[in-house]
Amino acid sequence: MYRGRMERDLKRWVDLGLLPHSSAIAMLAEYDARESTFSVGRVLLALAALLLSASLLLLVAANWEALPRLARVAGVVLLIWLFHFLAAYFLGRGAKAVGAALLILGTMSFGAGIALVGQMYHLSGDAADAMLLWFAGACLSAAAFASAAVTTIAACLAWAFLITLFESGGLVPAIESYFWLVPVLAVIVLTLVRYTDAGRTRHLAYLLCVAWLGALYVDNPELWLAITFFAAGFIAFLLASLPRSPFYRLASETGSAPSFYSFAVAVIGLVALQSEAEGAWAETAVGVGLLALALVGIGLAGARNGAIRYLAYAVFAAEILYLAFETLGSILGTSGFFLISGVVVALVAWLVIRVERRLGRVGEASQ
């Protein structure tokens, strides 16, 4: 998606005479030569490794009674070491895609070994313990080989760990203390992301933290917790989005993530607060707050951050529908609310356009 947008921009600049055609071709060639660039071959190799891993896990689940226990354990251990040795060999020869696929197979084989030992010896414990051990093994492998692919596997295992902590009735009481390990796992994943240069995987860690906060509220639906989420998220969003903030430069260098995820936490806080509100007026007041938050998000960061813009659009549309069908009741009241909202949003839009034009004229005058 980014390459296509960049190619269109370069073509437009060439057509306008702002950039030589040879420079545009050189820029695209440099981008395509990067290791992080999308490659169909690398993706297919990774998918093949995942499919082979799935077959290995199913083979373990089949509980091959025909083989002695020692032979089964030795076979899985041999596969783990074999895949890692082969990965080291191919990485040393520069075949990074093959090496990444073999590391995926080795990491998944480690998980199969955990399942096999637990299955054969009927070890006491639960899925959370197994996921935690598997996560530790994946982290060691990712750190040893500086593998972005295994870092992604570790992030997925951290998600699996969070999921295993819950059953249909909520958080499993016997392993409730494990719940507080989830942010620690996210920090470990982020550390591996920086070490292995797995930039896109960081979003799995950020989303894990947001999901953990949501799970914390679901397990403890308290009013003070919802207010804390909104206040902390909104303050963090302002610190990351306002140009005069002391953290603005640092947040901008980090990318769009600080603004977006802090905005998402603020939205979660207001949604939780609306679920706790009693009475139509209280729900409507919080709903108006959500609409205002969406407008603030668009106004402060929408131009620079597409993720915030689309999240704010979704929040605004969903809240309008919720207020229309759940709280306002009568058609006349709904019509009046839409009328007032439309006038307010139109005034805000007019004010924003005026400010943007004024800032544009100031910028041109200073050049």
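The values are calculated or read from the model by the stated rules, or taken from the named source; none is laboratory data. Predicted model only: the values in this text are computed from it and were never measured. Methodologically, a virtual Cβ is constructed for each residue, glycine included, from the backbone with ideal geometry; neighbour enumeration extends over all protein chains shown.
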Discussion item. One residue is enough: does segment 295-305 have a residue meeting the conditions closer than 18 Å to A231 by Cβ, modelled with pLDDT of 65 or more and among the small types (G, A, S)?
Written reply: yes
Worksheet item: at pLDDT below 85, on the phi < 0 side of the Ramachandran plot, surrounded by 15 or more Cβ atoms within 10 Å (Cβ to Cβ) and not in a helix (DSSP H, G or I) - does that describe any residue in segment 312-321?
Response: no
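For (1) at pLDDT 80 or above; (2) surrounded by 17 or more Cβ atoms within 10 Å (Cβ to Cβ); (3) assigned to a helix (DSSP H, G or I), each residue gets a yes or a no:
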position	(1), (2), (3)
L105	yes, yes, yes
L116	no, yes, yes
D129	yes, yes, yes
A144	yes, no, yes
Worksheet item: Can L290 be described as aliphatic (A, V, I, L, M), surrounded by 14 or more Cβ atoms within 10 Å (Cβ to Cβ) and over 22 Å from the mean Cα position of the chain (by Cα)?
Response: yes
Discussion item. Would you confirm whether or not segment 10-27 contains a residue that is surrounded by 11 or more Cβ atoms within 10 Å (Cβ to Cβ), modelled with pLDDT of 75 or more, closer than 27 Å to A148 by Cβ and under 33 Å from the mean Cα position of the chain (by Cα)?
Written reply: yes
Worksheet item: Somewhere in segment 185-192, is a residue free of Cβ contacts under 8 Å to residues at least 40 places away in the same chain, not in a helix (DSSP H, G or I) and not aromatic (F, W, Y)?
Response: no
Discussion item. Checking the conditions here, which among F247, F237 is crowded, with 20+ Cβ neighbours inside 10 Å, aromatic (F, W, Y) and either at pLDDT below 90 or under 21 Å from the mean Cα position of the chain (by Cα) (or both)?
Written reply: F237
Worksheet entry | Filter result for the condition that a residue is hydrophobic (A, V, I, L, M, F, W, C) and farther than 25 Å from I268 by Cβ, over W134, W180 | W134
